[in-house]
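The structure appears below as structure tokens.
The values are calculated or read from the model by the stated rules, or taken from the named source; none is laboratory data. Since the structure is predicted, the reported quantities are computational estimates derived from the model, not experimental observations. When we count neighbours, we look across all protein chains shown, and the Cβ atoms used for this are built from the backbone with ideal geometry, even at glycine. Each accessible area value is taken on the protein alone, full model and side chains, heavy atoms only, with ligands, DNA and RNA left out. Shrake-Rupley method; radii C 1.70, N 1.55, O 1.52, S 1.80 Å.
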Amino acid sequence: MPESDWPVGSQSTIRLVSSFPYPFHTYKMAEEKKSKAGSNVFAMFPQAQIQEFKEAFTLLDANRDGFIDVSDLQCMYANLGLEPKKADIEAMIKECPGQLNFTAFLTLFGEKMHGTDPEGSIKSAFEMFDDDRKGILEEDYIKDLLTNMGDNFTKDEIKSVWKEAPIHDKQFDYVRFTKMVKGSDQQE
């Protein structure tokens with residue numbers, strides 16, 4: 001589906017993310033997500049695939065506590081006749097910024113399968129323009145960047161992004177925006 005057929009909000013949000021210097025240029029939407037607005041991780045996959053991921057998650061969650069942890073992965077490897085180093089298993093768990101519940105599990109697969117950048121990378125790109133590292137940018141400044149740098153936005157595209165953007169008192173909250181783009185705002 002060509003970019004021009006995406007929902008206006010989604011297209012503008014992707015252009016906002018992709019208009020910043022690397023690492024934003026790799027942000028992509030899954031084919032299934034193009035028809036839905038928002039950054040809900042469950043919209044990234046068809047329902048049948050989500051069910052398959054749920055079955056895989058359940059197999060990995062050996063103690064059935066709703067989270068995958070080091071002991072769950074050790075059990076899985078033992079069932080396969082393997083004994084990886086504990087440090088390797090801990091490194092796998094650390095790929096998730098918090099506890100590895102099903103939503104986080106799905107998010108990790110979404111990132112791996114659909115080529116999105118980690119939340120920290122997206123935030124770092126915004127920080128390049130925030131000398132004080134306050135997590136906010138002046139609304140007029142970000143609009144100027146979007147209309148004059150990289151892939152220039154039209155006024156309508158900015159208006160579309162601004163409908164959902166976290167802006168308060170003419171301050172663009174890029175930390176919150178990054179969480180919205182990555183879907184981590186729904187886990188809080």
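Structure above, values below:
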read-out	value
Criterion: open to solvent by 70 Å² or more (accessible area, probe 1.4 Å), not hydroxyl-bearing (Ser, Thr, Tyr) and not in a helix (DSSP H, G or I) - qualifying residue of ASP130, ASP156, ASP151, ASP140	ASP151
Qualifying residue in the stretch 91-103 (condition: open to solvent by less than 20 Å² (accessible area, probe 1.4 Å) and either touching a residue at least 40 places away in the same chain (Cβ under 8 Å) or more than 17 Å from the chain's Cα centre (by Cα) (or both))	no
Residue within the stretch 79-90 that is open to solvent by 70 Å² or more (accessible area, probe 1.4 Å) and either touching a residue at least 40 places away in the same chain (Cβ under 8 Å) or in contact with a strand residue (DSSP E or B) (Cβ under 7 Å, 6 or more places away or on another chain) (or both) present	no
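Quick grid of which residues meet (1) of a type in the set (S, T, N, Q); (2) farther than 30 Å from GLN74 by Cα; (3) out of contact with any Phe, Trp or Tyr (no Cβ under 8 Å at 6 or more places or on another chain); (4) at pLDDT 80 or above:
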{"site": "THR116", "(1), (2), (3), (4)": "yes, no, no, no"}
{"site": "ILE122", "(1), (2), (3), (4)": "no, yes, no, yes"}
{"site": "ARG133", "(1), (2), (3), (4)": "no, yes, yes, yes"}
{"site": "MET149", "(1), (2), (3), (4)": "no, yes, yes, no"}
{"site": "VAL161", "(1), (2), (3), (4)": "no, yes, no, yes"}
